Every structure is written in structure tokens, then in C-alpha cells.
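I have placed the structure first, in the form of C-alpha cells, so that the comments after it can refer back to it.
The values are calculated or read from the model by the stated rules, or taken from the named source; none is laboratory data. Note that the structure is a prediction, hence the values are computed from the model and not measured. No Cβ is skipped: glycine too gets one built from the backbone with ideal geometry, and neighbour counts run over all protein chains shown.
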Amino acid sequence: MKGILYTRMIRLKKDWKNLTFWLVFPFLFTLLTVKFIGVWGEDSKIPVGLVVGKESGLSSQLIDQLKEVSYIDVILLNEREAINELEKHELDSVFVLHDRYEKIIMDGKRSQLIEAYSSNRSYAYFAVKELITSYVQDDVSRMKAAYEVKDLFREYSADEEWNWQEVVQASIEKQESRQLLGTSFSYQNQPIQTTEGEVLPIFHTWGIWAFFSLISTFFIFDWVLKEKRQELHIRWLFTSTSFKRFAFTSFVFYTVGKMIIDGGSLLLLSNLLNEPISLPFWKSFLLFELVINLLAFLFVNLFKQSLMYYVGSFGLALVFMILSGAIIPIDGLKNYWSWVEYLSPITSLLTEQIPYVWLVVLLGWFFIWYMKGDKLHA
């Protein structure tokens, strides 16, 4: 054992730069990717022109609501400037609020409130139109409710003075407290409560890390190909240690080392990106590390040429990433074939579960590999 570890350390003196790069690769590229996605999201807001005929309380409220939407950049202009910018395709669309916008809403009507303009490049026109319509419909519904309350006051000859502002405010508070506009979505089998205006994350941070970690693991385990080179075969003919024993000890060495480094990387990412990590996640992380290290070790033994191994490794990692649903949602596919979620080891990490199927398959494969004869030992 000491001799094997000594040989391993001698090898690391030559390859330490390459090994260090691949060990920090998941941390660095996850951090850069998440930061890039955040900057890209901020810079990719949809420019929408808004023309306010006459300022009022309800028009200001609508403007504030639109400014809170993360993917819309609201630009206040006069009508001539807005139309000119739209013709130059500087704006996606233009919405003009009627001069009597507040009065029409307070009358409980919703016709002739907003005039909309679009071009042949207005890719987000209908989405923004529906969003504005929903806000306006809320205001109209509150006004109608207020007048219904007024009619009840008249019908029952109530002594209290009717105040429509109090009725509207009570309606808003009731809506917020009961989350009438809330919708329950499911992301990676984890229920998330979202409300109107909130945007679900497109990418899963730990899914991105898992993808880069899988790639780095494949490249780290290319040492198996280097040790199996034809010119090194003679070494195993004159030693008491078989190649498989050497490979097994090296596998344990790399697996433990990578678990420690990746664990530290996750702690740093959790602090830098404000991503909480639960105890079940750590359990899934340790088993995920064991699975991907076993997978890389057994997969590399199927190849003799480095180029083919690298190409196959990257392709396999990409397939696992897609099947995990961390980038592209595959809920529709899972509804037809529920077993799809077991095809990617990344899924178990994201759902904080134990990858039983992968552990059984890979440990069985590893046992078969170890029990077979060793052609590199005399």
C-alpha cells in the first residue's frame, strides 16, 4: 500500500498542474456561469414604451407594477417619441394610457383604456399585453366590487359612510393575504410557491456544478489510460503488485481527495451565491461523488485512445445533464416514462435522494472488473 501511494505521489509531482486545474474546474466554471447568467438576465430586459396621457393614482400604480417585473424595462415617453423609437425597433412595443384612464376604471369599465402598438419584430408584444391586461383587470374588478358594496349600503340603508378607497384597499390586502394570484409549480420534484410577477430560475445552480464536476471527474481519471500504455506494461511483470490492485488503491485515493475538494467548493459556492445546503443534500453529494468516480473509472477502462475517451466523456456528461432536467425541463417526458429520471446520476443530487439504481449497477460492474483476470500481471 505504501509503495502504491509513493508511486502515486511521484506521478502527481509531474501532473499536479493538470490535476489542480480539474479539481477547481467545477467551482470556477459554476461561479462564472451563474454570474454570467445573472448579468445576461439583467441586460436582456424587454424595452417597452409607456405613454401616460394624464398622470393619476391608478396610472402611477400601473407603472410601478410594470417596473417590478424583472424582464421588462419600462421607458416613459411621449407618444411621438415612442412611435418613432418603435419604428426604429428600439422598443419592442408601445402602450398608450388614455387621458381618462383612471376615470374609466373607476366607472367599472375596461374599454378604450389602452392603445397598443407593435412592429414585425415585437417578439414579446403579446406577453406584455397580457400582463398589462391582467393588472388593469385587477383594478377594474376592485372598482366593481367597491360599487357592489356601495349598492349594498344603499339597499340596507347603512348609517356608515361609504368609502371606495377603503374597499379597494381591503380588496388588495385580502388578495395578498390569501395569495389569490399564487400558483404552485414543481421544479425538480421540489414544490415552489410562486406569485404573479415572480420568475422561476431557468438554471439549477447545483445542476450546473454537477455537470462541470462530472466533466472534471472524467478528465481526472484519464490517468488509467496513461498507466495502461503499452510501454509501461513491462513494469507490472516485475512487481509483486498487480495493475488492478494499483488501480483500485489509486481509485480510492482520487475519490477521497476529490470528495474533500468538492465539498469545500460547495461550501464556498453556497456562501458566494447564497444557496443553502441541507443535510440530505450532503448525503446525496457523497453518494453522487462515489457514483461519478466509479462511472469515470469503469468508463475509461473501455477505451485505449485518449481522444475517443475525451469525446465520449463529454458526450455522456451532456446527455446526463439534459436528462436531469437542470437546464431543459423534461417534466412532460417523465409523465410518459417515469423511469427517465433514473437515467442521470445528477437527478439524485438535485432531488437529494440516494441513487440506488446507479450504485447497484456500478458496484456490480466494478466487482466483475476486479474479479476478471489481470493481463498486466505475470
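A few notes on this one:
Yes/no per residue for (1) farther than 26 Å from Y254 by Cβ; (2) touching a residue at least 40 places away in the same chain (Cβ under 8 Å); (3) surrounded by fewer than 15 Cβ atoms within 10 Å (Cβ to Cβ):
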site: N274; (1), (2), (3): yes, no, yes
site: S278; (1), (2), (3): yes, yes, yes
site: F288; (1), (2), (3): no, yes, no
site: L294; (1), (2), (3): no, yes, no
site: Y310; (1), (2), (3): no, yes, no
site: M321; (1), (2), (3): no, yes, no
site: S324; (1), (2), (3): no, yes, no
site: S348; (1), (2), (3): no, yes, no
site: P355; (1), (2), (3): no, yes, no
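- Considering (1) touching a residue at least 60 places away in the same chain (Cβ under 8 Å); (2) over 30 Å from G207 (Cβ atoms); (3) of a type in the set (S, T, N, Q); (4) crowded, with 17+ Cβ neighbours inside 10 Å, the lone condition that Q61 does not fulfil carries the number (4).
- Complete set of residues in region 323-340 that are within 19 Å of V34 (Cβ to Cβ) and at pLDDT 70 or above: S324, G325, A326, I327
- So K103, is it without any contact (Cβ under 8 Å) to a residue 40 or more places away in the chain and under 29 Å from the mean Cα position of the chain (by Cα): no
- The set of residues in region 241-269 that are surrounded by fewer than 18 Cβ atoms within 10 Å (Cβ to Cβ) and either among the small types (G, A, S) or not in a helix (DSSP H, G or I) (or both) comprises T241, S242, G257, G263, G264.
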